[in-house]
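Novice: Sharing a structure with you now.
The values are calculated or read from the model by the stated rules, or taken from the named source; none is laboratory data. Computed from a predicted model, the values in this text were never measured in an experiment. Cβ atoms come from the backbone with ideal geometry, glycine included; neighbour counts cover every protein chain shown. The area values use the complete protein model at the heavy-atom level, side chains included, leaving out ligands, DNA and RNA. Shrake-Rupley method; radii C 1.70, N 1.55, O 1.52, S 1.80 Å.
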Amino acid sequence: MRTIVTGAARGIGRAIAERLAHDAHQRGETPRLVLVDQLGDELATVAAHLQTHFNAEVQVITGQMANVQLPTVVAEAAAQWGGLDGLVSNAGYAQPGDLVSFELADWDQMFAVNVRAHWLLAKACFPLLQKAQGKVVFTTSISASNPTTPLAAYSPCKAALLMLMRQLSVEWAPHGIRVNSVSPGMTLTPGTAPVYQDTSVRAQREARIPARRIGMPEDIAGAVAFLLGPDADYVHGVELMVDGGLQHTVMVSPVMDGWRAVQRPSDR
Ligand SMILES: NC(=O)c1ccc[n+]([C@@H]2O[C@H](COP(=O)([O-])OP(=O)(O)OC[C@H]3O[C@@H](n4cnc5c(N)ncnc54)[C@H](O)[C@@H]3O)[C@@H](O)[C@H]2O)c1
């Protein structure tokens, strides 16, 4: 199992790296992982953990996803293993703001990291993926199809990433490469932890989610493992929502209880 995971130092990316290493180890394979993140020290800690617990071979690359040279460096690292079975392009971030006052430089940086970097990395990995008949998974978001306040450019970025995934899926399926995405809902990670420090905010959010709990990184990692694995062999261009049912709640709210006053036609 030869896989690249970006954003692997923390949160969802870290959980994905751990899940993939665990699963490969369970199958009796040597997990081979290229882990990428801007946080070098934390990434080294993750790598050491995977080496100790799962006998993994890990290459660590510290870098900024907005750097257009980075994808080549990452692909060259994976090339040492002769092919690539999985690319998990996960690194991304949200920045609060409103579009009326959002800075141009912030918009450009968000699109560089949350969209462009995913395309450039997938493109750099194409020969290796083709050779191994590999799989690609992007981390999109429930925000890709739902405007999200106060996150200004985040939903537009994730919507673009979602369509990039679909575009790649149809271009690359004939080459034997599957491309899909996971869209987390509200998930507790270091990136979102400040949101949940206020326990009343957490309770309000949990009340809105049909599953009545905030998602955990391991929930997302399980979905990624499925999309990378043989059970998903005929799954192409799919956005797998992992959100406790939140996506379906637009018409679910106490104010909708007004419907209870409407009688059946036969009772009118
Ligand atoms: N947590 C949520 O509620 C949630 C919901 C939907 C989608 N997502 C998406 O999931 C992915 C992971 O989010 P998370 O919650 O685990 O975040 P996180 O902040 O906890 O972890 C993200 C990791 O990616 C790295 N990273 C971010 N930008 C980078 C860059 N430009 N260059 C290099 N490394 C970079 C960070 O250093 C960090 O280690 C992101 O794409 C995010 O948009 C998260």
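Novice: Tell me whether the stretch 248-255 contains one or more residues that are open to solvent by 50 Å² or more (accessible area, probe 1.4 Å), free of Cβ contacts under 8 Å to residues at least 60 places away in the same chain and over 32 Å from the mean Cα position of the chain (by Cα).
Specialist: yes
Novice: While we're looking at this one, here's another question. Identify, from the list 69, 26, the residue that is open to solvent by 70 Å² or more (accessible area, probe 1.4 Å), within 16 Å of the ligand (Cβ to nearest atom) and of a type outside the set (Phe, Trp, Tyr).
Specialist: Criteria check complete, one pass: 69.
Novice: Just one of 44, 48 is among the small types (Gly, Ala, Ser) and in contact (Cβ under 8 Å) with a residue 12 or more places away in the chain; which is it?
Specialist: 44
Novice: Here is a further query. For the stretch 149-268, which helices (runs of 4 or more DSSP H) that fit wholly inside it have 2 or more residues that are away from the ligand (no atom under 13 Å from the Cβ) and in contact with a Gly (Cβ under 6 Å, 6 or more places away or on another chain)?
Specialist: Answer list for the stretch 149-268: 154-172.
Novice: Shifting gears a bit: Is it the case that some residue within the stretch 75-85 is among the small types (Gly, Ala, Ser), under 19 Å from residue 138 (Cβ atoms) and open to solvent by less than 20 Å² (accessible area, probe 1.4 Å)?
Specialist: yes
Novice: Open to solvent by less than 30 Å² (accessible area, probe 1.4 Å), farther than 16 Å from residue 86 by Cα and more than 14 Å from the ligand (Cβ to nearest atom): which single residue out of 50, 20, 43 fits that description?
Specialist: 50
Novice: So which residues in the stretch 95-112 are within 16 Å of residue 143 (Cβ to Cβ), surrounded by fewer than 20 Cβ atoms within 10 Å (Cβ to Cβ) and within 14 Å of the ligand (Cβ to nearest atom), if there are any at all?
Specialist: Listed by number, the residues that qualify are 95, 96, 111.
Novice: Among the candidates 14, 10, single out the residue that is charged (D, E, K, R), surrounded by 24 or more Cβ atoms within 10 Å (Cβ to Cβ) and either touching a residue at least 24 places away in the same chain (Cβ under 8 Å) or within 16 Å of the ligand (Cβ to nearest atom) (or both).
Specialist: The conditions single out 14.
Novice: I'd like the full set of residues that are assigned to a strand (DSSP E or B) and either in contact with a Cys (Cβ under 9 Å, 6 or more places away or on another chain) or under 24 Å from residue 104 (Cα atoms) (or both), limited to the stretch 123-138.
Specialist: Selection gives 136 alone.
Novice: State whether one or more residues within the stretch 74-90 are within 13 Å of the ligand (Cβ to nearest atom), in contact (Cβ under 8 Å) with a residue 24 or more places away in the chain and closer than 23 Å to residue 195 by Cβ.
Specialist: Checked the stretch 74-90: at least one residue is within 13 Å of the ligand (Cβ to nearest atom), in contact (Cβ under 8 Å) with a residue 24 or more places away in the chain and closer than 23 Å to residue 195 by Cβ.
Novice: Sort out which residues of the stretch 49-88 are of a type in the set (Asp, Glu) and over 11 Å from residue 33 (Cα atoms), and write them in order of number.
Specialist: Selection gives 76 alone.
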